[in-house]
Amino acid sequence: MAAFVEFVEFVVFVVDNKEYSFESSNTILDVKKHIIKDKSLSCKYIDIEFCLERPMRILGKFNVEPGKVPRTFDRYKLEQFAFKDSITLSISEINDYDPDKPKIPLFSGGRGRGRGLSLPPVNSLDRAVSSFNHTDTQIDMKTEPTFNLSSNDDFPSLGS
């Protein structure tokens, strides 16, 4: 009978010559919050930058490329990235961003696409404010002439 052994992989980050080891189940935001707490920073958020000479790539995982890590990656676990060796990080303190602030939904109310934030239904009181004449029932419509595609009068020949 074979026993199932769970392999826990660790990712090592180096910040100011200090090594931080994280389980691969942690997210990028967990890493940022741990570094803020460990370094006793006064800010609520930091941006991290990977200091690498060349990108790290593994098929099926996010590439780890030199440069600033986008904030949209905060929710992803470390196991989803192509970390091979220890990574040197550079940090920037950010004071005007709070990752725990709830996001405002783009659409709400469940009233269909493009309705925005739960607008009250249109009723007859809204018509008093409208400049559109709701009592007019006749519509004047200008009709375009119709053309016969096989007519030489409507479409004369371009050649001689």
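The values are calculated or read from the model by the stated rules, or taken from the named source; none is laboratory data. Please read these numbers as outputs of a predicted model, since none were measured by experiment. Note that each Cβ is placed from the backbone with ideal geometry, even for glycine, and that neighbours are counted across all protein chains shown.
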The condition from (1) free of Cβ contacts under 8 Å to residues at least 40 places away in the same chain; (2) under 26 Å from residue 98 (Cβ atoms); (3) among the charged types (D, E, K, R) that residue 23 misses is numbered (1)
Any residue at all in the range 44-58 that is aliphatic (A, V, I, L, M) and either loosely packed, with under 13 Cβ neighbours inside 10 Å or touching a residue at least 60 places away in the same chain (Cβ under 8 Å) (or both)? yes
Just the residues that are β-branched (Val, Ile, Thr) and within 23 Å of the chain's Cα centre (by Cα), please, taken from the range 5-44. 27, 28, 31
Any residue at all in the range 77-85 that's at pLDDT below 90 and surrounded by fewer than 13 Cβ atoms within 10 Å (Cβ to Cβ)? yes
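Table: residues versus (1) at pLDDT 65 or above; (2) exposed (fewer than 10 other Cβ atoms within 10 Å of the Cβ); (3) assigned to a loop (DSSP other than H, G, I, E, B); (4) of a type outside the set (Phe, Trp, Tyr).
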site	(1), (2), (3), (4)
102	yes, yes, yes, yes
106	no, yes, yes, yes
110	no, yes, yes, yes
122	no, yes, yes, yes
126	no, no, no, yes
140	yes, yes, yes, yes
143	yes, yes, yes, yes
150	yes, yes, yes, yes
Go through (1) surrounded by fewer than 16 Cβ atoms within 10 Å (Cβ to Cβ); (2) in contact (Cβ under 8 Å) with a residue 40 or more places away in the chain; (3) farther than 20 Å from residue 99 by Cα for residue 13 and report which single condition fails. (1)
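Table: residues versus (1) more than 13 Å from residue 81 (Cβ to Cβ); (2) β-branched (Val, Ile, Thr).
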{"residue": "17", "(1), (2)": "yes, no"}
{"residue": "36", "(1), (2)": "yes, yes"}
{"residue": "43", "(1), (2)": "yes, no"}
{"residue": "47", "(1), (2)": "yes, no"}
{"residue": "51", "(1), (2)": "yes, no"}
{"residue": "56", "(1), (2)": "no, no"}
{"residue": "62", "(1), (2)": "no, no"}
{"residue": "65", "(1), (2)": "no, no"}
Among residues of the range 62-74, those that are surrounded by 11 or more Cβ atoms within 10 Å (Cβ to Cβ) and more than 14 Å from residue 51 (Cα to Cα), counted: 4
Members of the range 67-89 that are of a type in the set (S, T, N, Q) and free of Cβ contacts under 8 Å to residues at least 60 places away in the same chain: 72, 80
In this structure, is residue 64 within 24 Å of residue 99 (Cα to Cα), over 21 Å from the mean Cα position of the chain (by Cα) and touching a residue at least 12 places away in the same chain (Cβ under 8 Å)? no
